[in-house]
Amino acid sequence: MVKRGMPLTSESDAQRWRLANQTRVSTARSILPKSLPSSEPQKELDASSFRLVNSLGRLERSKKIEVAAYDLVVKAKNAENPVAMRSAINGWGEAKKRVSEAEMEHARYEETTRQTIRMDEVREFITNWFGAIRNLMDAMPSSLSARANPSDPECAKVAIQEGVDQIFITIQKAEGEFK
């Protein structure tokens, strides 16, 4: 190795030279594809979405890489190569972790930018608004009966109450229990 140029100045210099100048070629067959597979039909996305540097781009790339990693597992299994199989399974496991991380990052991004709203916020909003509407509808017969029929407000109150009850029954049939 010295004849080929390995330095003798220090052991670390010699190791660096050996790593950089290794000539031994592996006899293992490569199972890596020349390009990422397209075996899974992709959603119609812009080709530019994979080039984005935001959370959506990272998510799309990680999904594509996870599919490629799984294809390597299948190829290693078909080749009955246990060494390649172990490596491919480890790679696929890492790719799945990265997909999960990218999904979480994208979900946080969408929540932060208010593109999506957490379910507890939606429930609170609906409860506040529909609760207010229900309170108004419950008070409607008493508040409108005198104006609807000044000569017999009790008859008007019963008629309005029946109308309100019919609205609640219709809502309950359509949506389940209305609260």
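Derivation of every value follows stated rules applied to the coordinates shown; laboratory data play no part. This is a predicted model, so every value here is computed, not measured. Glycine gets a Cβ as well: all are built from the backbone with ideal geometry, and neighbour counts include every protein chain shown.
What the table shows:
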{"item": "Segment 86-179: GluC sites (Glu not before Pro) in DSSP loop, at most 10 other beta carbons within 10 Å", "result": "E177"}
{"item": "Relative exposure of Y70, Y109, judged by other C-beta atoms within 10 Å (fewest first)", "result": "Y109, Y70"}
{"item": "Tensor-based shape of segment 84-176 (alpha-carbon gyration tensor, a/c under 1.5 rounded, otherwise prolate or oblate)", "result": "prolate"}
